[in-house]
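To start, the structure under review is shown below, and the notes come after it.
The values are calculated or read from the model by the stated rules, or taken from the named source; none is laboratory data. Since the model is a prediction, treat every value here as computed from it, not as a measurement. Every residue, glycine among them, receives a Cβ derived from its backbone with ideal geometry; neighbour counts consider all protein chains shown. Keep in mind that these areas ignore ligands, DNA and RNA; they rest on the heavy atoms of the full protein, side chains included. Shrake-Rupley method; radii C 1.70, N 1.55, O 1.52, S 1.80 Å.
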Amino acid sequence: MSGASRKALALVVLVAASSAVMCALPRAEAPAQREQARRGAQPRPAAPQGAPSCHFELGETAAFAVESTTRDVRAEEDDHLRGTLSWEVVDALAEDRWRLRAALHDVSLTQALTLPDERVEGSLAEPFFIDVDSSCRFVGFGFAPEWDARRRQLVRSTLATHEYVLPSGPAKTRWRAAQLDGLGDYEARYQLAPAGAGAEARVQRHKAAYDAAANAGAFGLTLAVVGSEAEARFDRARPRWLTASSGLERVQIRVQGELVADLMQRFRLRRDDELFAPVPAMAAGDADFRDVFDLEIERDAAVAAQVANMSPEEALAAFRARLQGEGDQSYAAARELAAWLKSHPEGAAQVAAALRAGAIEEAARPALFLGLELSGTEAARGELSALLVDARVSAVDRARAASALSDIGAPTRGTAELLRAQVRERGDAMVASVSALGLGSMSRRSDDGELRAYVRDALHEELREGLAAADAGKVRVALDAMGNTGDAAFTEELAAHLEADSPATRRHAAEALGRLDPAESGPRLLERLREETEPAVSAALVGAYQGPPTADAIALMADKLGASASSSERAAFITWLGTASRSEPEAMRQLVAHAQRETDTRLLQKIGTFVPAEALR
């Protein structure tokens, strides 16, 4: 398993267990990284002067007020971090790399969303090290060995939120960079905002998408960026990192296709050297610079060691006991069962036998199938395959087996053929539908061109048959599965179904198209949005559009918002304009103007989450 996969899976222990997790809390990592582009404009701007850079001098000090709030939009509670970060430059590691000794103080941390077992405990006041290069990228973190994994992850993830990677050439005004935050690897697109008065430079960052291949896609985990805009300010005259940063992000996390977290995070940072507090002494030689997720590996190894000597009966008893814990313990129970199955591959047959015998209660079965999937063993793949085709097994469990098979280990042609056979047989509509969707997910995870072509042919066949039989349900499942592949080869086919007579079919086509390359899907979604009259379809089109907030897109969203009589449709436009307003002043102006006309109290509250109160007075 890759480091990023370990990180993403560790995240889900929190997310799936609590249905909410602070993005700036545990979960970050530091593998390979890339570079390059995107974003907005203001009316009649001055020409950009070129991107800033970072440079430090030994002995320099700085202080920053830091704040982050994250909530699951489906809940009321939130996790909140506030504090002051002070640092001192203590070493020049190379001509373009420096080491800073840092510490947090005046920290306030509330964790209302995170399960008690997963909360950060202990002091955050001890010093640590940050290595920074001239692109302002964080290239290393060093902590006292006594710091546990969660405290390290909290600090690292909090700072990663404010990482703006600058280009190598100062003349660039647009660029891209491969980065990493508390949820995984992602591509960031940057634009240097038009120059204003003085020496200040404004850099806008848009999180395009998480890397599905790196972020535990093989384990049924998917991360979807619903919206992400951030902006940092740099003082060109004093290129010592940034002077301010703020942003808003919304990310949805799914496990086996089920939404387990819908996270909204606001974050901000402001330089204020008057807040500086002396950083306690610490020698770099005494610090642990290991990746924080190496510690997750150690924790996983400890779990594996605990369960390795269990009998099958003991393992299943421990699985059931874990499910009885506080909150939703499904993922934790599945992970521990998976650890036992890795140590005892033959146990997959015993787990499947217990399920067939009715010894596993219904409430525990989703976690049991997830445990088989997460084990990743060929024995588990074999048992899932047998359960899928076993007529004695309920349709619900066969569908669970199909879902798990689509996400277990590396995709194989044999598994694809088995899923396709279930689609063709259609003995049970639910099993056939889940199998088709699973084929799409397998294709997205696979680097095998032949396997992807096989799935492409299978889904084209399914769509043709659905159209020929006038089977709307079959057509919609095929469209959904095409979206699951992420394959640009389906772009035109999905775009054509945006014109379907059925609003439901148009909505499915829009949502599927939104999971493909935004450069290809974006223009087609906007084109259809201009003509769409069905509110639910319009909302789906807006939600699917992941392209840039161009002047044309903003004008279209604002026009449709003003003309809509549907609260749900207006909510979609408000969310889109609100996200765009983080980097585009015109989007903010349109929201403020609409607020004067809006009559729905809930939608006015939604506007208030994007627009400062003083702008609405």
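The figures follow:
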item	result
Solvent-accessible area of Asp552 with every protein chain in place, 1.4 Å probe, in Å² to the nearest 10	80 Å²
Cα gyration tensor shape for the chain, rounded if a/c is under 1.5, else prolate or oblate	oblate
Table column - 3J(HN,Hα) (Hz), segment 544-551, Karplus curve with 6.51, -1.76, 1.60, x for Gly and Pro	7, 6, 10, x, x, x, 5, 4
Farthest toward positive dipole pole in segment 124-163 [+1 Lys/Arg, -1 Asp/Glu at C-beta], among Leu124, Ser157, Ser135	Ser157
Spacing of the two label points (7 Å from each Cα toward its C-beta) at Ala536 and Ala284, in nm	6.1 nm
Length added when fully stretched, Ser123-Thr609, from 0.36 nm per residue minus Cα-Cα	171.8 nm
Sites matching trypsin sites (Lys or Arg not before Pro) across segment 364-428 that sit in DSSP coil, with at most 13 neighbouring C-beta atoms within 10 Å	Arg392
Asp501 accessible area, assembled protein chains, probe 1.4 Å, Å²	150 Å²
Model label zone, Ala208; criterion: amide N under 14 Å from point 7 Å along Cα-to-beta-carbon; scope segment 503-521	516-521
Over the chain, relative contact order from alpha-carbon pairs under 8 Å, at least 6 apart, %	12 percent
Helix-only CD estimate at 222 nm, as mean residue ellipticity for the chain, using -39500 (n - 2.57) per DSSP H run (n ≥ 4)	-13500 deg cm²/dmol
Nearest-20 debye value, the chain charge dipole, Cβ charges on Lys, Arg, Asp, Glu	1220 debye
Rounded FRET efficiency, nearest 0.05, which uses the C-beta distance separating Arg82 from Ala470 and R0 of 56 Å	0.45
Label point 7 Å beyond Cα of Ser566 along Cβ direction - residues of segment 496-534 with amide nitrogen under 11 Å	503-504, 507, 532-534
For Met310, net neighbour charge (Lys/Arg +1, Asp/Glu -1) across residues whose Cβ lies under 14 Å away	-1
Arg236 versus Arg426: modelled label distance in nm, points set 7 Å from Cα along the beta carbon direction	6.5 nm
Net length gained if the chain between Glu361 and Ala453 were fully extended (0.36 nm per residue, minus Cα distance)	29.2 nm
Stretch in the chain that is longest and holds no GluC sites (Glu not before Pro) that DSSP places in a loop and that have at most 11 other beta carbons within 10 Å	362-617
Signed unit charges on C-beta, dipole axis of the chain, positive-most listed residue Ala177, Ala553, Phe64	Ala553
Surface accessible to a 1.4 Å probe, Ile360 within the full protein complex, Å²	0 Å²
